[in-house]
Amino acid sequence: MNNTAQTILFVLVAIVMGWFAAGVLWNIRRGNAALKWMQGGLPRLGEKAALRWLGSSAVELTLAKARPPFRRAELVLVMEPRDVSWFWLLARLRGRRDMLIIRGQLVTPPQLEFDVVRPGSWSARETVGRNETRQWETESLADDATLRAPRATRALSRELAPAALQAARAVSPVVWRLSARRESPQFELHVPLPDPRRGDAANYFDSIRRVAEQVGKR
């Protein structure tokens with residue numbers, strides 16, 4: 001290998017390693033900033049949170065003692081895979097952004113099953129591909145929301161879902177997914193990762209509880 005080839009190889013390796021290090025650092029700082037902000041409101045959702053990092057792009061928080069309407073709650077902070085450039089680019093093209101996923105079991109399980117998804121989002125693509133929902137019917141709920149539900153109960157879901165979506169937009173104006181299930185997880189909400197510079201954490205988590213109340217409403 002001549003000197004020119006060695007130089008090119010060295011530069012490429014340096015770029016890849018530099019990108020990896022910068023991406024890991026960015027995600028850790030982003031996740032830690034969000035976690036620090038969430039501490040001010042997390043007790044509104046539950047107590048005794050167990051935290052673990054899943055690689056450098058996701059953090060999982062499990063609440064052992066959730067407050068009603070939750071019986072159990074789990075939060076996952078999912079960052080873009082910034083540490084690997086081609087994964088990050090692919091994820092971007094598929095609509096994946098930094099997000100907060102809230103999953104849980106409810107004190108009062110939902111009577112209806114449905115998904116409200118934002119067309120074109122990463123969450124919508126992941127949801128539509130699941131076996132359990134392939135035979136569900138789809139209709140437009142709003143300009144930026146689509147309702148998917150079993151045929152037998154779609155009309156009833158059409159009456160409940162708008163109120164649940166409105167409550168979810170108090171958490172975030174952009175809602176990528178809101179789901180209700182009879183089985184675990186009974187509740188799931190995908191929204192952009194909250195900005196620690198804006199809003200009150202206690203109000204934020206109170207709003208999440210109100211969404212779950214709407215989903216479990218009878």
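Taking the residues in region 22-40 that are among the charged types (D, E, K, R) and exposed (fewer than 15 other Cβ atoms within 10 Å of the Cβ) as candidates, determine which candidate is nearest to Gly199 (Cα to Cα). Walk me through it before giving the result.
Here is the first cut: in region 22-40, the residues among the charged types (D, E, K, R) are 29-30, 36.
Next, only the ones that are exposed (fewer than 15 other Cβ atoms within 10 Å of the Cβ) stay: 29, 36.
Details: Arg29: 19, Lys36: 14 Å.
The qualifying residue nearest to Gly199 (Cα to Cα) is Lys36.
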Task: Some residue of region 101-114 being surrounded by fewer than 19 Cβ atoms within 10 Å (Cβ to Cβ), among the small types (Gly, Ala, Ser) and under 23 Å from Leu75 (Cα atoms) - done: no
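For Pro162, are the conditions met, namely being in contact with a Leu (Cβ under 8 Å, 6 or more places away or on another chain) and under 18 Å from Leu112 (Cα atoms)? Quick ask: steps written out before the conclusion?
Working: in contact with a Leu (Cβ under 8 Å, 6 or more places away or on another chain): yes; under 18 Å from Leu112 (Cα atoms): yes.
In short, yes.
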Task: Tabulated pairs, region 62-73, first more than 14 Å from Phe205 (Cβ to Cβ) and without any contact (Cβ under 8 Å) to a residue 12 or more places away in the chain, second of a type in the set (Asp, Glu) and not in a strand (DSSP E or B), C-beta under 9 angstrom, 6+ apart or interchain - done: none
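Please give the strands (runs of 3 or more DSSP E) falling wholly within region 126-218 in which 3 or more residues are free of Cβ contacts under 8 Å to residues at least 60 places away in the same chain and over 30 Å from Asn27 (Cα atoms).
On the way: elements: 137-142, 145-149, 177-180, 187-192.
Once the strands (runs of 3 or more DSSP E) in region 126-218 are filtered for at least 3 residues that are free of Cβ contacts under 8 Å to residues at least 60 places away in the same chain and over 30 Å from Asn27 (Cα atoms), what remains is 137-142, 145-149.
Would you confirm, using the coordinates I've provided, whether Trp53 is over 21 Å from Leu165 (Cβ atoms) and among the aromatic types (Phe, Trp, Tyr)?
On the way: over 21 Å from Leu165 (Cβ atoms): yes; among the aromatic types (Phe, Trp, Tyr): yes.
For Trp53, the condition - over 21 Å from Leu165 (Cβ atoms) and among the aromatic types (Phe, Trp, Tyr) - is met.
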TODO: Evaluate region 130-153: report whether one residue or more is farther than 30 Å from Leu90 by Cβ and either at pLDDT 95 or above or small (Gly, Ala, Ser) (or both).
DONE: yes
Task: From the options Ser140, Ser207, Ser184, residue that is surrounded by 14 or more Cβ atoms within 10 Å (Cβ to Cβ) and small (Gly, Ala, Ser) - done: Ser207
Open item on the list: Can you say whether Pro192 is within 18 Å of Ile101 (Cβ to Cβ) and either in contact with an Asp or Glu (Cβ under 9 Å, 6 or more places away or on another chain) or not small (Gly, Ala, Ser) (or both), as far as the supplied structure shows?
Closed with: yes
Task: Residue pairs meeting the criteria (Cβ under 9 Å; at least 6 apart or on separate chains; first touching a residue at least 24 places away in the same chain (Cβ under 8 Å), in region 37-49; second acidic (Asp, Glu) and surrounded by fewer than 20 Cβ atoms within 10 Å (Cβ to Cβ)) - done: Trp37/Asp195; Gly40/Asp200; Gly41/Asp200; Gly41/Asp206; Arg44/Asp206; Leu45/Asp206
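Conditions tested, residue by residue: (1) touching a Pro at 6+ places or on another chain (Cβ under 8 Å); (2) among the aromatic types (Phe, Trp, Tyr); (3) closer than 18 Å to Arg72 by Cβ.
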| site | (1), (2), (3) |
| --- | --- |
| Ala167 | no, no, no |
| Ala170 | no, no, no |
| Val175 | no, no, no |
| Ala180 | yes, no, yes |
| Pro185 | no, no, yes |
| Val191 | no, no, no |
| Pro196 | no, no, no |
| Gly199 | no, no, no |
| Ile208 | no, no, yes |
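The values are calculated or read from the model by the stated rules, or taken from the named source; none is laboratory data. None of the values given here were measured: they were computed from a predicted structure. Every residue, glycine among them, receives a Cβ derived from its backbone with ideal geometry; neighbour counts consider all protein chains shown.
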